[in-house]
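The values are calculated or read from the model by the stated rules, or taken from the named source; none is laboratory data. Worth saying up front: this structure is predicted, and the values here are computed from it rather than measured. For neighbour counting, all protein chains shown are included, and Cβ atoms are generated from backbone atoms with ideal geometry for every residue, glycine included. These area figures cover heavy atoms from the full protein model, side chains too; ligands, DNA and RNA do not enter into them. Shrake-Rupley method; radii C 1.70, N 1.55, O 1.52, S 1.80 Å.
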Amino acid sequence: VVVAPSRAGLDEEEEAREETPEDREIRREIEKKREVDVLWTGSCAQQPLVCSRFIVAIGRNAAAFLSSFILDSVCWEVVGVVKLWNEWCRTSNTTNVLPTDSFCLFYRLISDPTVLLCQCSCYVAEDQQFQWLEKVFGSMQKKGLQVTILSTCPVADYKTQESTLTLVSPFLKALKTKEFQEPVCCPLLEQPNIVRDLPAAVLSYCQVWQIPAVLYQCYTDVIKLDTVTIEAFKPLLSSKVLKSLAKDASESTKVLKKFLTTSETHNNIYI
Amino acid sequence: MTKVGYFYTDCLVPMVGNNPYATAEENSTELSINAEVYSLPSKKLVVLQIRSPFIKNKYRPFCETLLSWVKSSKCARVVLLSSSHAYQRDDEQLLGTPLRYLLTPDLEKAVGGRMKELNWKEMEKVAAYPGISDTDKVLHIPGGGITKLLFTESCSEGIQMAVLLKFCSEGDNIPDAFVLVNYLNEWLQLIKSESNNSTDPSSQWKIPSSWRLLFGNGLPPALF
């Protein structure tokens, strides 16, 4: 008999079993190992950070979008890193990362130090998301802050009256908090669709603490790094937040190409 | 009912979406999160809706936080709406109504009589060691999540709590939701029955827009 997972959110075994001192010890050790550390470097070591715009890219495609269309080593400096460990990935406290690594880095715009950017290509587990929020936002001043989140998820998760086969993917959908008053660059996500994981955690945090925030979710049918998905975020370059940050278009194409060659070579090992 | 707050916690899986109770275009873009609080002052009613499952090993701290919030916000009574697996009923539970209630000792004194009047059935205790001894009986709510923990904790902490539950099967639970809400209404009379000869009592309840597409997306046209 296949037992369906409890929709009350708790499985029988978990409920029935009392925790022994040994279990508790093991659980504590695991919790310690799974702790999330945010390390700020240089000028950002002083807290709280004054931040006007915070742009968070979650997942490889969103992070690659920022790398190709916004970030460069001339205008931006690395100011922080998240160190974490879980069943899917581990990141170290080094800020020198390869594009193929899993990482979570913070950048700051040199010409305007109140603009912060986060690239998070690593998996942040359910039990680590709350810590991530508390530690990242805990070091920021919330007054005058505006948050933009970029993320991707499979188009199969999208619920619509239509068949997903007839949907043209990738496409963007947005969700915003009550305080976010600016126009959004794409249609809002319709009910009964929901967003989970870290993007949802960040947006929930902003809603609860009344921070203006918007989430752009890209529904795509390719999970790995892919130019079509990366370019699906392009309409955002016309938004108020990103407009002034976008770099030269020819430069972007070059970086984008380089990105894919790196990841292709990496993947070819298994062919 | 209006939304008055959030239950901000590290115990639930994060989730966001637009207003699940949208009735028109204008109110459809209100963001909703995993646990929200609604209130209806005219009925002295506060509703906490939990929309996502627990993070592993976090249900105990959640129950503690929830009950301490109940105490600090001075809620006189708590009604917990829940369910239990229909397929794990015993012979006795298979007969008659699929609805059950439980009252903590402190609430039993106040409303126990009313439940008898309504002819409601209390949740049966089951044998702890079936087939071996029938004298040791325990409360068992399979599939009820934190229901049992919240109830037992409330009993020992002197919180006035009632659990109303229905035995449910996997699948479309919309009819179960109606049955449970009618059960609640029978006791608390939150809405008056519009006409006594109404054949379908569920006709007075509104279905939230978020209950659409329960069985997935439309079918590909090429199928036909």
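Averaged over the residues of B:209-216, the number of partner chain Cβ atoms lying within 10 Å of the residue Cβ comes to 4. Tell me which chymotrypsin sites (Phe, Trp or Tyr not before Pro) from the stretch A:53-128 have a DSSP coil assignment and no more than 11 other beta carbons within 10 Å of their own. Sites meeting the loop and neighbour criteria: A:W88. Note on chain A: with a GNM built from Cα contacts shorter than 10 Å, the maximum mean-square fluctuation among A:T166, A:T91, A:T220 falls on A:T166. Classification of the protein assembly as shown by its C-alpha gyration tensor yields a prolate form. The axis ratio a/c (a ≥ b ≥ c) is 1.5 or more, and a/b outweighs b/c.
From the protein chains alone at 1.4 Å, what is the descending order of accessible area for A:F259, B:F224, largest first? It would help to have the intermediate numbers written out before the result.
Details: A:F259 35, B:F224 185 Å².
Ranked from most to least accessible, the order is B:F224, A:F259.
Hey, can you find the accessible area per residue of the stretch B:1-154 for me, probe 1.4 Å, expressed in square angstrom?
Result: 53 Å² per residue.
Using protein heavy atoms only (no ligands, DNA or RNA), what is the total accessible area buried between A and B, 1.4 Å probe, nearest 100 Å²? Each step should come with its number before you reach the end.
Details: alone 15690 and 14390 Å², together 26280 Å².
Protein heavy atoms only, the A-B interface buries about 3800 Å².
Taking chain B as a Gaussian network of alpha-carbon nodes connected by springs under 10 Å, the highest mean-square fluctuation of the residues B:I50, B:I141, B:I132 belongs to B:I132. Under the convention that each Lys and Arg Cβ holds +1 and each Asp and Glu Cβ holds -1, the size of the dipole of the protein assembly as shown around its Cα centre is about 1400 debye.
So what is the orientation-averaged projected area of chain A, using the convex hull of its C-alpha atoms, in nm²? Please report the intermediate quantities before stating the final value.
Numbers: hull surface 72.9 nm².
Reported value for the Cα convex hull: 18.2 nm².
Anything over 23 Å Cα to Cα? Flag those among B:K3/B:K43; A:K83/A:K173; A:K178/A:K240; A:K176/B:K56; B:K71/B:K148; B:K3/B:K206, in the order listed. Beyond 23 Å between Cα atoms: A:K83/A:K173; A:K176/B:K56.
Given Cβ point charges of +1 (Lys, Arg) and -1 (Asp, Glu) and nothing else, what value in debye, to the nearest 20, does the dipole of chain A about its Cα centre take? All intermediate terms of the calculation are to be shown ahead of the outcome.
Details: 29 positive and 34 negative charges, 258 e Å.
The dipole of chain A has a size of about 1240 debye.
Per residue, chain A exposes an accessible area of 51 Å² to a 1.4 Å probe, with every protein chain left in place.
Taking the Cα centre as origin and putting +1 on Lys and Arg beta-carbons and -1 on Asp and Glu beta-carbons, what dipole magnitude results for the stretch A:144-271, to the nearest 20 debye? Please list the in-between numbers first.
On the way: 13 positive and 12 negative charges, 57 e Å.
The dipole magnitude comes to about 280 debye.
Over the stretch B:3-154, the Kirkwood radius and the radius of gyration, each from Cα atoms, give a ratio Rg/Rh of 1.01. Could you pull out which residues in the stretch A:22-52 have an amide N less than 16 Å from a spot 7 Å beyond the Cα of A:D101, following the Cα-Cβ vector? Backbone N within reach: A:37-41.
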